[in-house]
Amino acid sequence: MMTLREIIDNSRRIVFFGGAGVSTESGIPDFRSADGLYRQKYDVPPEVMLSASYFYAHTQEFFRFYREKMLPLSAKPNAAHIRLAQWERAGKLLAVVTQNIDGLHQAAGSKCVYELHGSIHRNTCLSCGRKYPARFIAESSSVPRCACGGIVKPDVVLYEEPLDGDTVNGALAAIAAADTLIVAGTSLTVYPAASFVNYFGGDNLVLINRDPTPLDKDCTLVLHEKVGEALGGLASYLSEKEENS
Ligand code: NAD
């Protein structure tokens with residue numbers, strides 16, 4: 001069986017499909033691990049609080065939860081984010097497809113990132129369409145309001161909302177074009193995102209996840225390890241000068 005290093009050495013069109021576990025090494029809790037958000041006790045479960053119907057019916061409570069739990073603005077990219085950005089610059093990686101909304105892949109320098117569930121860094125007034133940065137939401141109290149009086153809603157995909165069509169098409173095209181797909185840091189339980197890995201038809205399906213997933217049995221290589229440690233230990237495929245520029 002090939003090692004991860006051998007697979008990456010021999011790949012030219014890597015696509016990375018990640019979830020919340022990619023950012024836990026940056027200090028952002030995931031949802032379903034033992035210390036994840038879903039194991040903490042709330043009066044209303046997080047999947048209800050993060051639904052569109054809750055947003056419109058209990059806007060103030062939504063923003064209280066969102067500001068407290070979903071806006072990790074001081075988090076920094078970890079070794080996984082940094083390595084993936086380097087592989088893209090080195091011409092080995094086509095795209096990152098992420099379920100995360102934290103923007104850490106772009107903060108590490110990745111350019112081609114399909115954010116299936118949107119981003120905390122884009123926020124739009126529901127009345128006039130004006131755009132606001134995440135800081136505006138973080139610094140607001142109660143319900144964030146636009147200069148026009150409209151509610152400013154984060155461009156994150158809430159439960160009950162559809163995914164953005166162009167983002168889905170771009171992500172599926174990238175996955176279909178990949179020679180190696182690395183799936184990492186995801187429980188593969190949030191649909192439709194989890195089903196996107198079925199569009200892969202390349203040579204190596206690699207899974208890096210702390211806990212077992214339903215995909216383990218179909219993979220070329222399964223590593224039950226931390227993704228930052230696994231990717232951080234590999235080559236950047238850049239010269240020392242390129243790496244530091
Ligand atoms: P999940 O919480 O359901 O599962 C995370 C998986 O990652 C678990 O199987 C866990 O074993 C694994 N994991 C945790 N830390 C890891 C590490 N360091 N290395 C390797 N594996 C690790 O996450 P999900 O499947 O992405 O689904 C949760 C949903 O919640 C997603 O849709 C996502 O949008 C959202 N979410 C996003 C963030 C974020 O933006 N950082 C954080 C929490 C949740």
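Coordinate-derived values only; no laboratory data. Bear in mind that the values here come from a model prediction, so they are computed numbers and not experimental data. Positions of Cβ are backbone-derived with ideal geometry, glycine not excepted, and every protein chain shown enters the neighbour counts.
Each of THR3, THR98 was scored by other Cβ atoms within 10 Å of its Cβ. Arranged with the fewest first, they read THR3, THR98.
One chain, two ends: LYS241 and LYS76. Fully extended at 0.36 nm per residue, the span grows by 57.1 nm beyond their Cα-Cα distance.
Each Lys and Arg Cβ is given +1 and each Asp and Glu Cβ -1; about its Cα centre, the chain then shows a dipole of about 620 debye.
A simple rule links phi to the HN-Hα coupling: the Karplus curve 6.51 cos²θ - 1.76 cosθ + 1.60 with θ = phi - 60°, which for region 75-92 gives 5, 10, x, 9, 4, 5, 4, 5, 5, 5, 5, 5, 5, 5, 5, 7, x, 9 Hz, with x for Gly and Pro. Each DSSP beta bridge with both residues in the chain is either parallel or antiparallel, and the antiparallel ones are about 25%. Checking the a/c ratio against 1.5 first, then a/b against b/c, what shape does the Cα gyration tensor give for the chain? Note, shape of the chain comes out prolate.
For region 26-58, chymotrypsin sites (Phe, Trp or Tyr not before Pro) are listed when DSSP marks them as loop and at most 12 other Cβ atoms sit within 10 Å of their Cβ; the list is TYR42. Calculated mean residue ellipticity, 222 nm, the chain: -7500 deg cm²/dmol, from DSSP H runs (n ≥ 4) at -39500 (n - 2.57) each, averaged per residue and rounded to 500. What do you get for the angle between helix 165-177 and the principal long axis of the chain? Use alpha-carbon atoms, 0 to 90 degrees, nearest ten. The answer is roughly 10 degrees.
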